[in-house]
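Written below as structure tokens is the structure these notes are about.
The values are calculated or read from the model by the stated rules, or taken from the named source; none is laboratory data. Only a predicted model underlies this, so the values are computations on that prediction, with no experimental measurement involved. All Cβ positions, even for glycine, are placed from backbone atoms using ideal geometry, and neighbour counts span all protein chains on display.
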Amino acid sequence: MRRRLAAAVVALVIPAAALASSWHIIGQGKASGKFTIAAASGSAIRPIAIQMKVTASPNIRAHAGYSIQCRKGSRKATGTGKAVGRTPITKTIALPVVHPSSCVVIASATLTSTTKMTVTIRAR
């Protein structure tokens, strides 16, 4: 009886944990051509974490940046950041407020050569 109960609890807890940690796309921008610039923006309600991801084909050195504004009650806080490197680039965006009620993020990336590029903002 205890084994069945333990198995049932594990069966319920593992999918719940997997769902809680899944990423959702809140914004995405695509561009192609020479001197490529791609931008994305998105809003997240009660985010636990936010990420910016830059992909390109072919993989190449890129410059990316973001701006974030979060709110918790009447308090607002902002933050910015950047990442430079070879694609794919994944950058965790620091939340400027602990346990925000909402956040708005703007992200962009630039490449100096002819390519296809995507900027994606994800939240969980």
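What's the total number of residues in the stretch 64-77 that are of a type outside the set (A, V, I, L, M) and within 16 Å of the chain's Cα centre (by Cα)?
Of the residues in that region, 5 qualify.
If you check Lys53 against the conditions, is it buried (at least 20 other Cβ atoms within 10 Å of the Cβ), of a type in the set (Lys, Arg) and either modelled with pLDDT of 95 or more or out of contact with any helix residue (DSSP H, G or I) (no Cβ under 7 Å at 6 or more places or on another chain) (or both)?
Numbers: buried (at least 20 other Cβ atoms within 10 Å of the Cβ): yes; of a type in the set (Lys, Arg): yes; either modelled with pLDDT of 95 or more or out of contact with any helix residue (DSSP H, G or I) (no Cβ under 7 Å at 6 or more places or on another chain) (or both): yes.
For Lys53, the condition - buried (at least 20 other Cβ atoms within 10 Å of the Cβ), of a type in the set (Lys, Arg) and either modelled with pLDDT of 95 or more or out of contact with any helix residue (DSSP H, G or I) (no Cβ under 7 Å at 6 or more places or on another chain) (or both) - is met.
Pro58 passes all but one of (1) crowded, with 18+ Cβ neighbours inside 10 Å; (2) over 13 Å from the mean Cα position of the chain (by Cα); (3) closer than 21 Å to Gln28 by Cβ; which number fails?
Pro58 satisfies all of (1) crowded, with 18+ Cβ neighbours inside 10 Å; (2) over 13 Å from the mean Cα position of the chain (by Cα); (3) closer than 21 Å to Gln28 by Cβ except (1).
Scan the stretch 93-112 for residues that are under 20 Å from Lys30 (Cα atoms) and loosely packed, with under 12 Cβ neighbours inside 10 Å and report the count.
So the answer is 0.
Enumerate the pairs (first residue in the stretch 29-40 and at positive phi; second residue anywhere and surrounded by fewer than 19 Cβ atoms within 10 Å (Cβ to Cβ) and assigned to a loop (DSSP other than H, G, I, E, B)) with beta-carbon separation below 7 Å, excluding pairs fewer than 6 apart on the same chain, so at least 6 apart or on different chains.
Gly33/Thr114; Phe35/Thr112
Consider the stretch 61-72. How many of its residues are crowded, with 23+ Cβ neighbours inside 10 Å and not hydrophobic (A, V, I, L, M, F, W, C)? Full working, then the answer.
Our first condition is that a residue be crowded, with 23+ Cβ neighbours inside 10 Å; within the stretch 61-72, this holds for 62, 64, 66, 68, 70.
In the following step, the residues that additionally are not hydrophobic (A, V, I, L, M, F, W, C) were identified as 66.
The qualifying residues number 1.
Is it fair to say Thr80 is in a strand (DSSP E or B) and either closer than 25 Å to Ser102 by Cα or modelled with pLDDT under 95 (or both)?
Yes.
If a residue has to be polar (S, T, N, Q) and crowded, with 19+ Cβ neighbours inside 10 Å to count, how many in the stretch 82-92 make the cut?
At the first step, the residues of the stretch 82-92 found to be polar (S, T, N, Q) are 87, 90, 92.
Still in the list and also crowded, with 19+ Cβ neighbours inside 10 Å: 87.
Selection size over the stretch 82-92: 1.
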